[in-house]
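Worksheet for the structure shown next.
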């Protein structure tokens, strides 16, 4: 009894200490996709009611302190980091809540007046340590300053929006695994013991078709009047499970994540699960607490809401007609990227953008191409259904060998119901032999292109509006446009690769030569050489000698 | 070059030896080249195949494929479906099946314009499904392809391969270990379909413009690393033949062949190469003969440069590919047949090994000959044979050059030694110009739609034949054939060209280079500008025999005789002639659609080179010089 009382007191104190600072909300959106997959998106939003300009980040409670330190030390205005395995298939799956490219992606806005380049490198190295990822490979060779593609997502004085404050890099070859998830989970206040985070078991997370962990930091308005600022940290996990790999279409939390939700995290304000039941006829067990209907940008969504309480929760979904495969309608905008040409001389990078909308769309295409792929701007060709298209705007900074990458940003107006291909040609070049990675014949990665667009309709759209924080805020949140930032496939390019077994052969050969040379040299230097009489032996004498020796052996 | 141009250095010891013994050296080298070639098939000269790439880990995992019933059902359904489409691909059924399995299914349309009449168009459809790898991001891909053959096709049917492909796709799509996308490709119209699909995948045109309109693909799967082409003629497979020869004699990496061969033997199917399996004998000569025969069969296919399966078109794009052809009948006595389970497990094993591969195929051999499926001859073993043979050309050219300098330096016949280099070069270039003209006859014909009413043979073959025949009278118009020195120089040029060409060809397509070398080198050694009438006629006769056209006619005639041994001679001759015409037309079509370079090489290099020697054999010069020349030879 006494124990429980003290516990209560401690808990009360605990609450009183942290109440004023901010709040944490955790949400899980489960959305069966049109194809044979189910999408689960976790979002842990921490809001800290402090002024990011003034706070020193010495003391923090709910907010993870390592992130606070980053903000202070590197003058960060905004930070977006995603680590992704697999590829989001826009054509089949629609749009995710958070777009992320395969591999690692870092986007940061720095406060005006700071030493951006130094801070960027230091930030990358710190993040590398924080997430156990190879983010330390971010340097001048793969960093660009996009002008149009990215805008600050948080509150910012508009006069400071300037591409000199933004840095963007992607590492397409980064392989994301458990070692990245564990440190990420440690940033959560309840770790992964209770609350929705208890669903994040790495064994199940990495058995998916797509998994992406993300961290998004931005300043937001504290209230509607927006007189003071708060700091918002969103930690996200996006997973796409495949029914075929699961073995059944009837999913449950236990099937997907290995276990149900283990109680509510005590520090959390709101802990909700939303199940999208728009597409299919599904029977949920236990019955949902609430049914939410959201009409957004012409799209109606029906969601079942569960509030996580202090009891164990496992949701089980049973499909009425599991064999029905819904017709796949591609979203308004999606894109592919591929290489054209063969051989080791010339090639082209093709980005194909499909506009399925009935109206023309304005898009921005951003490409970050490594320096060892020399592209030629005069070969840039934009062809839409056989007709050549003129870019509205073009930004291009050519690469410098071993100094900076190619940066290309193209503004296009895509005609309605067309597929547009943007082609740029390049040459294959030789690298210095030390610049090849250990698995040289694997090839080199080219990162994904980013295609940004304000869509007029919210078809297949799930993202949270910029002025909001929670998934529940996105219900009935119609806006003028819906921003998508589509990521395409990574490319693997085979540069001319020298035969690296050659040094081995050379060593073998050199050793043989040395060994062969050593014998005679040793002989000459260590033995005494005496001249032999130069008398030629006649053939007859030779035969005689031979016969003699033969006869001797016989006698013996 | 200083060594060659400075006349005073021409009298060195080496040069003297060369001048004295070059004839012997040439004969010796040629004979040793031929002997070397004969010897490489002997087991002591070659080695057992082995896996060079460790990452493949062949056959390490337990096969789990168990969808054989599914395969049988697909097979029955597909046979039913094919009845509704007597001569085209039942694409709605295939697309539906791919979608049902859970793959991204796409269709690919292509159009082929007839190379000689662009107005005639044929269209075709390929169907393909892409298994998206759960552990990958569509950056790399593997291909499993099979040709669709309608019931009206003259080729043996391949429906079982489509059935097993679908069953394997169904099995594989449930597995989570795939790191590379698998593209399941069903092509129509044999090689044209694959070529069109590959061209569309890479957005390039390999042959002539405006012939094959490759269309566009909606779905791709990244860089393709390997491809397996299936041609199963029955549900029960008693013998699995592996085919590797590709376009222009390109071969897949030997590791891929070893992998396929190992997987076949793991499943216990009688596995063959060129329709011959393992043979064991204790007689060394018989053993050698068996290996040699098998190697020759492979070389014969390779030399034509025509792929013997759909795999052959992948090689150009850096994709290692081979065909698994399954027959119900087995040559092996007492061997068992495998069913869909076994075939599925072979495919599973191959693809899981390829899935393990981190780097693309780069180890092992890309240039090799196979005397059987478990032994190989690497490039370092076989290339000396052709080098020895072709080396004679350079030695003779060198010797002849020194000899010319020697006679020059003695300076007795200043008026005859005035070589007209310009005229020689003009002659040399003219022959090549005619070669280029001949090679462009088909393109030229295709451009004139007014000619479309005529038959292809009439408008292409006869003009070609006429131009080749007309060219044989070219020597009569060459004025320099009266000058011995000029002829000598032209001879040297021609020998150097022949030697270089043969070496270059054998680097790319060893078989073609070797066969050309064996035939042309001895004849070229005989040809010298001479005044002796009998010699001259003999040279002309010999050289006329090895005209590329004559050789082609001979090969086709012999082939026809072996195909129809029961026919009368006149029927065989007629058929052979017909087949010759067809083969030339086909090689032109191949060069225009696929970019096969055999026709181009023969018309652009071999025929002009033949003409150069032909001109040399027609040399006529004054009596006096020859006597002096022969005197000198006597002195030596």
Practice task
Determine which single condition residue B:181 fails, assuming it passes every other condition in (1) farther than 19 Å from residue B:97 by Cβ; (2) within 13 Å of chain A (Cβ to nearest Cβ).
Solution key: (1)
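Residues B:273, B:292, B:279, B:257: which one is surrounded by fewer than 19 Cβ atoms within 10 Å (Cβ to Cβ) and modelled with pLDDT of 90 or more? Show your work before the answer.
On the way: B:273 fails: surrounded by fewer than 19 Cβ atoms within 10 Å (Cβ to Cβ); B:279 fails: modelled with pLDDT of 90 or more; B:257 fails: surrounded by fewer than 19 Cβ atoms within 10 Å (Cβ to Cβ).
Among B:273, B:292, B:279, B:257, only B:292 is surrounded by fewer than 19 Cβ atoms within 10 Å (Cβ to Cβ) and modelled with pLDDT of 90 or more.
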Handout entry: When residues of the range B:102-128 are limited to those that are out of contact with any strand residue (DSSP E or B) (no Cβ under 7 Å at 6 or more places or on another chain) and surrounded by 17 or more Cβ atoms within 10 Å (Cβ to Cβ), the one farthest from the other protein chains (Cβ to nearest Cβ)
Key = B:116
Handout entry: the range A:209-241: number of residues that are within 14 Å of chain B (Cβ to nearest Cβ) and in contact with a helix residue (DSSP H, G or I) (Cβ under 9 Å, 6 or more places away or on another chain)
Key = 6
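Does at least one position in the range A:130-146 carry a residue that is within 14 Å of chain B (Cβ to nearest Cβ), touching a helix residue (DSSP H, G or I) at 6+ places or on another chain (Cβ under 8 Å) and either buried (at least 20 other Cβ atoms within 10 Å of the Cβ) or under 27 Å from residue A:38 (Cα atoms) (or both)?
Looking only at the range A:130-146, we keep the residues that are within 14 Å of chain B (Cβ to nearest Cβ), and these are none.
Checked against the condition, which is being within 14 Å of chain B (Cβ to nearest Cβ), touching a helix residue (DSSP H, G or I) at 6+ places or on another chain (Cβ under 8 Å) and either buried (at least 20 other Cβ atoms within 10 Å of the Cβ) or under 27 Å from residue A:38 (Cα atoms) (or both), the range A:130-146 yields no hits at all.
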Problem - Residue check for residue A:496: under 30 Å from residue B:132 (Cα atoms) and assigned to a loop (DSSP other than H, G, I, E, B) - result: yes
Handout entry: Yes/no for residue B:131 being crowded, with 18+ Cβ neighbours inside 10 Å, touching a residue at least 40 places away in the same chain (Cβ under 8 Å), under 34 Å from the mean Cα position of the chain (by Cα) and within 17 Å of residue B:186 (Cα to Cα)
Key = yes
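Taking residue B:171, is it over 30 Å from residue B:592 (Cβ atoms), assigned to a helix (DSSP H, G or I) and either in contact (Cβ under 8 Å) with a residue 40 or more places away in the chain or not assigned by TED's automatic domain parsing to the domain that holds residue B:92 (or both)?
Values: over 30 Å from residue B:592 (Cβ atoms): yes; assigned to a helix (DSSP H, G or I): yes; either in contact (Cβ under 8 Å) with a residue 40 or more places away in the chain or not assigned by TED's automatic domain parsing to the domain that holds residue B:92 (or both): yes.
Taking the combined requirement at face value, the residue satisfies it.
Out of all the residues in the range A:303-316, is one or more closer than 30 Å to residue A:452 by Cβ, assigned to a strand (DSSP E or B), in contact (Cβ under 8 Å) with a residue 24 or more places away in the chain and more than 14 Å from chain B (Cβ to nearest Cβ)? Please lay out each step first, then the result.
So the first thing to find is which residues in the range A:303-316 are closer than 30 Å to residue A:452 by Cβ, and the list is A:303.
From the residues that got through so far, the ones that are assigned to a strand (DSSP E or B) too are A:303.
In the following step, the residues that additionally are in contact (Cβ under 8 Å) with a residue 24 or more places away in the chain were identified as A:303.
Okay, now just the ones that are also more than 14 Å from chain B (Cβ to nearest Cβ), so A:303.
Yes, there is a match, as at least one residue in the range A:303-316 is closer than 30 Å to residue A:452 by Cβ, assigned to a strand (DSSP E or B), in contact (Cβ under 8 Å) with a residue 24 or more places away in the chain and more than 14 Å from chain B (Cβ to nearest Cβ).
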Problem - Extreme residue, farthest from the other protein chains (Cβ to nearest Cβ), among residues of the range B:298-331 that are assigned to a loop (DSSP other than H, G, I, E, B) and closer than 28 Å to residue A:344 by Cβ - result: B:308
Fill in the blank from the handout: Among the residues of the range B:352-370, the number that are part of a loop (DSSP other than H, G, I, E, B) and within 26 Å of residue A:438 (Cβ to Cβ) is 10
Practice task
Considering every residue within the range B:429-452, establish whether at least one is over 27 Å from the mean Cα position of the chain (by Cα) and modelled with pLDDT of 75 or more.
Solution key: yes
Exercise for the section: Could you tell me whether the range B:332-351 includes any residue that is out of contact with any strand residue (DSSP E or B) (no Cβ under 7 Å at 6 or more places or on another chain), within 14 Å of chain A (Cβ to nearest Cβ), in a helix (DSSP H, G or I) and surrounded by fewer than 22 Cβ atoms within 10 Å (Cβ to Cβ)? Expected result: no
Practice task
Search the range A:320-372 for residues being out of contact with any strand residue (DSSP E or B) (no Cβ under 8 Å at 6 or more places or on another chain) and either on the phi > 0 side of the Ramachandran plot or crowded, with 21+ Cβ neighbours inside 10 Å (or both), and hand back the single one that is farthest from the other protein chains (Cβ to nearest Cβ).
Solution key: A:331
Exercise for the section: Name, by its number, the condition in (1) without any contact (Cβ under 8 Å) to a residue 60 or more places away in the chain; (2) closer than 25 Å to residue B:186 by Cα that does not hold for residue B:264. Expected result: (1)
Handout entry: Which numbered condition residue A:476 misses (of (1) away from chain B (no Cβ under 14 Å); (2) over 27 Å from residue A:105 (Cα atoms); (3) outside any loop (DSSP other than H, G, I, E, B))
Key = (3)
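How many residues does the range A:427-470 contain that are part of a strand (DSSP E or B) and either touching a helix residue (DSSP H, G or I) at 6+ places or on another chain (Cβ under 6 Å) or within 14 Å of chain B (Cβ to nearest Cβ) (or both)?
Residues in the range A:427-470 being part of a strand (DSSP E or B) and either touching a helix residue (DSSP H, G or I) at 6+ places or on another chain (Cβ under 6 Å) or within 14 Å of chain B (Cβ to nearest Cβ) (or both): 3 in total.
Among the helices (runs of 4 or more DSSP H) lying completely within the range A:161-265, list those that include at least 3 residues that are more than 20 Å from the chain's Cα centre (by Cα) and at pLDDT 90 or above. Before you say what the answer is, go through the steps one by one.
Values: elements: A:178-185, A:202-205, A:243-246, A:253-257.
Correct list: A:253-257.
The values are calculated or read from the model by the stated rules, or taken from the named source; none is laboratory data. What you see is a predicted model, and the numbers here were worked out from it, not measured in a lab. Counting neighbours? That spans all protein chains shown, and the Cβs are built from the backbone with ideal geometry, glycine included.
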